[in-house]
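Chemist: Pasting a structure below so you can have a look.
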């Protein structure tokens with residue numbers, strides 16, 4: 001996620017640990033292998049991060065903090081809910097798939113995909129600090145688009161649909177490549193195309209739901 005090799009010992013450890021945890025998972029990864037890859041010693045890992053669990057938690061925090069700082073969900077926009085939805089989708093895709101973000105399954109995205117499938121205790125604070133606020137941002141946008149109260153149960157289903165479209169393309173690229181090769185993300189130029197499609201498709205569904213909910217029963 002950086003253009004230059006990390007210089008300090010903690011930065012080297014975090015970079016090596018992110019790669020190895022992503023490849024092997026938390027259980028299989030070893031502190032000794034991480035230390036070797038970081039050109040550091042085991043004692044320095046314990047000094048800076050405490051233990052393996054502390055290092056893993058620091059790696060997750062580092063990935064999420066950098067990703068959300070580089071690609072904020074609202075992109076600093078004071079705009080219409082339609083424009084804010086596009087910004088949200090675009091930021092999510094760039095955060096997960098771009099080289100400046102998590103790099104998809106070729107980068108930190110592998111580790112994040114593991115957490116979505118088999119969350120560790122270290123993921124709980126990440127959910128509270130980063131993911132729940134994103135849900136709140138998205139549901140606020142959807143509430144405006146649907147013209148409904150922020151507590152409406154339909155918002156959760158709509159939010160999961162929007163996020164699911166993005167994450168499927170991001171975290172299951174071999175499947176997408178086999179099923180629809182022309183739709184697979186091959187380069188970062190494809191991210192804007194994908195963002196525009198997810199946005200338009202989602203707006204269509206949101207519009208249909210809003211229209212159906214405004215029809216009286218039996219009408």
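A short reminder: the numbers here are calculations on the coordinates, not readings from a lab. Owing to the predicted nature of the structure, the values given are computational and were not obtained by experimental measurement. Here the Cβ positions follow ideal geometry from the backbone for every residue, glycine too, while neighbour counts run over all protein chains shown.
Chemist: Can you give the extra length, in nm with one decimal, that the chain gains between residue 27 and residue 190 once fully stretched, where that is 0.36 nm per residue apart less the Cα-Cα distance? Could you put the intermediate results ahead of the total?
Modeler: On the way: separation 163, 0.36 × 163 = 58.68 nm, distance 3.48 nm.
Difference between extended and current length: 55.2 nm.
Chemist: Subtracting the Cα-Cα distance from 0.36 nm times the residue separation, let me have the gained length for residue 39 to residue 208 in nm, one decimal.
Modeler: Between residue 39 and residue 208, full extension yields 55.2 nm more.
Chemist: At q = 0.30 Å⁻¹, work out log10 I(q)/I(0) for the range 9-58 with the Debye formula, treating every Cα as an identical point scatterer and leaving solvent out; two decimals please.
Modeler: Calculated log10 I(q)/I(0) at the listed q: -1.27.
Chemist: At R0 = 30 Å, how high is the FRET efficiency between residue 48 and residue 135 if r is their beta carbon distance? Nearest 0.05 is fine.
Modeler: Numbers: r = 32 Å, r/R0 = 1.07.
Plugging the Cβ-Cβ distance into 1/(1 + (r/R0)^6) gives 0.40.
Chemist: Based on the Cβ-Cβ distance of residue 152 and residue 74, what FRET efficiency does E = 1/(1 + (r/R0)^6) give at R0 = 22 Å, to the nearest 0.05?
Modeler: The formula returns an efficiency of 0.55 here.
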